[in-house]
Amino acid sequence: MSEPILQVQDLRLGFATDSGSVPVLHGLSYTLEKGKVLAVVGESGSGKTVHALSLLKLLPPNARIEGGKIIYQGKNLLTMKESSLRHIRGKKIAMIFQDPGSSLNPVLTIGEQLCETLHAHQKISKTASRKRAVELLTQVGITDAEKRLNDYPFQFSGGMCQRVMIAMALALSPDILIADEPTTALDVTIQAQILTLIKNLQKQNGMSVIFITHNLAVAAQIADEVLVLYAGQCMEQAPAAQLFSRPLHPYTQGLLGSLASVRQKTDKLSVIAGNPPRPGDKTEGCPFAARCPKAFEKCYKACPPLYEQAGRSTRCYLQEGK
Ligand SMILES: Nc1ncnc2c1ncn2[C@@H]1O[C@H](COP(=O)(O)OP(=O)(O)OP(=O)(O)O)[C@@H](O)[C@H]1O
Ligand SMILES: [Mg+2]
C-alpha cells in the first residue's frame, strides 16, 4: 500500500523583478509516496530548483509564494513558523543543493563540517560526533574515512565532494531527501556510482527522495515515479516504467526521442525545435503548443487541464475523454 509522505498542492510562485512580478510556478501539484523516488525532470529554467527551495522555504528574498500548500505530517510547511521549520530542515527533510562547490566551506575540514551539522541538531559529545562522521563517510564509500576527516574540500575530487554532500544530507537520518542535480557536474562513471549510492541508501534507510534532473536517462536509472515539468507546470506524471515505455505527452515523447537518437548516434539528432516560453511571456494556450508537432486549434486557445487515467496524469487535449 502506498502512503503519501509529502503533498504539494497547487503551488504558485513568482519573483518580484524590476519589470513587475514574474510568475514561475503555475499551480504545481504532486504527491511523494513513502519510500519512493520521484524524479522531477525538466529543461533549464522550468522551475525545478525554485520548486525544491520552496519545499523548505529557502527561497531568494524576491520570491513570492502566491498560493498553494505543502503538506508534511499533516501540517502546511508554507504557513509554519520559522522556529518550527528549523526542526524539519535537515532533520526531517534534507537537501543536496545543485552546486556542491559552493555548499562546502573551503576553510573548514570535511570533519569539522560534518560534526557541525551533527552538533547543530543533536546533543552529542565531540567523540560521538566524530565517530558518527566516520560512519557516514564510510557509508557513502569514502575509504580511510578517519584520516580523510582532516582534509579540506579542495583535497577531494568532484565525485568525493558530492559523496560528502550526500553524507551531510543523511547525517540526521531524514525522512525525505531532495537531491537537486546531484550528478550533473560528474563524469558518467562517477555519475553511475553516485546514483547507485543514493538508490542503495534510500532503500536501506526507507527514505523518500525527490530527485531533480534535466536528464531523462538519469531519471530512468533511479526513479519509481516521474514528473515532467515544463515552464513551471506539470506536463505529465506517471510511474517510471509506464512513462518510459509509453509516454503520452508530445513533450515527453520529444524528450525521449532526443535521448534515443543520442544513444543510437544517428546522424539526424531528433531535438525539440524552439525554446520554452520565458517566465512572464504571455501564452494563452498550452505552453508547449508552439513547439508541439501535434498541436491543433484548441491547444492555442486555452491551457489543457491534467487528464488523469490509470494512475497517471497528462496535460494534453489528446488525452481528453480517454
Ligand atoms: N531570484 C530570482 N529572481 C528572478 N527570477 C528567478 C530567480 N531565481 C530563479 N528565477 C527564474 O525562475 C525560473 C526557474 O528557475 P530554476 O532555477 O528553478 O530553474 P531550473 O529548472 O532549476 O533550471 P536548471 O536546470 O538550469 O537548474 C527561471 O526562469 C529563473 O530565471
Ligand atoms: Mg536548477
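The values are calculated or read from the model by the stated rules, or taken from the named source; none is laboratory data. As the structure is a prediction and not an experimental result, all values here were calculated from the model. Note: ideal-geometry Cβ built from the backbone for every residue, glycine included; neighbour counts use all protein chains shown. With ligands, DNA and RNA removed, areas are computed over all heavy atoms of the protein, side chains included. Shrake-Rupley method; radii C 1.70, N 1.55, O 1.52, S 1.80 Å.
The table below gives the values:
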item: Whole-Å semi-axes of the ellipsoid equivalent to the range 185-259 (Cα gyration tensor, √5λ, descending); result: 23, 15, 11
item: Net length gained if the chain between LYS322 and LEU172 were fully extended (0.36 nm per residue, minus Cα distance); result: 49.5 nm
item: Accessible surface, 1.4 Å probe, highest first, among residues THR213, THR189; result: THR189, THR213
item: All aspartates and glutamates inside 14 Å of LYS298 as judged from Cα atoms, apart from same-chain residues fewer than 8 positions distant; result: GLU284, GLU320
item: C-alpha long axis of helix 110-121 to longest principal axis of the chain, angle in °; result: 80 degrees
item: Cα centroid of the range 154-168 to Cα centroid of the range 215-239, whole Å; result: 26 Å
item: Relative packing of peptides 227-238, 48-59, 190-201, 114-125 - highest average C-beta neighbours within 10 Å first; result: 227-238, 48-59, 190-201, 114-125
item: Rg(Cα) / (2.2 N^0.38 Å) computed for the range 25-70, rounded to two decimals; result: 1.22
item: Whole-Å distance, taken between Cα centres, linking the range 277-303 and the range 34-80; result: 25 Å
item: Nitroxide proxy distance, nm - points 7 Å out along Cα→Cβ at GLN204 and SER44; result: 3.5 nm
item: Diffusion constant of the chain at 10 °C, which comes from Stokes-Einstein with the Kirkwood Cα-pair radius and 1.306 mPa s, µm²/s; result: 76 µm²/s
item: Modelled FRET efficiency - R0 45 Å, ASP151 with LEU58, Cβ distances, 0.05 increments; result: 0.95
item: Shape call, the range 143-196: gyration tensor on alpha carbons, a/c limit 1.5; result: oblate
item: 16 Å tail of the calculated P(r), the range 102-173, as % of Cα pairs; result: 38 percent
item: Share, in percent, of DSSP beta bridges within the chain that are antiparallel, nearest 5; result: 65 percent
item: Listed pairs LYS57/LYS147; LYS199/LYS322; LYS92/LYS199; LYS75/LYS123; LYS199/LYS294; LYS36/LYS91 exceeding 29 Å between Cα atoms; result: LYS57/LYS147; LYS199/LYS322; LYS199/LYS294
item: Mean accessible surface per residue for the chain, computed with a 1.4 Å probe while every protein chain stays in place, in Å²; result: 49 Å²
item: Point-to-point label distance, LYS294-GLN73, nm (Cα→Cβ direction, 7 Å offset); result: 4.3 nm
item: Potential extension, LYS81-SER29 segment - 0.36 nm per residue separation minus Cα distance; result: 16.5 nm
item: Portion, in percent, of the accessible area of the chain that falls on carbon or sulfur, probe 1.4 Å; result: 53 percent
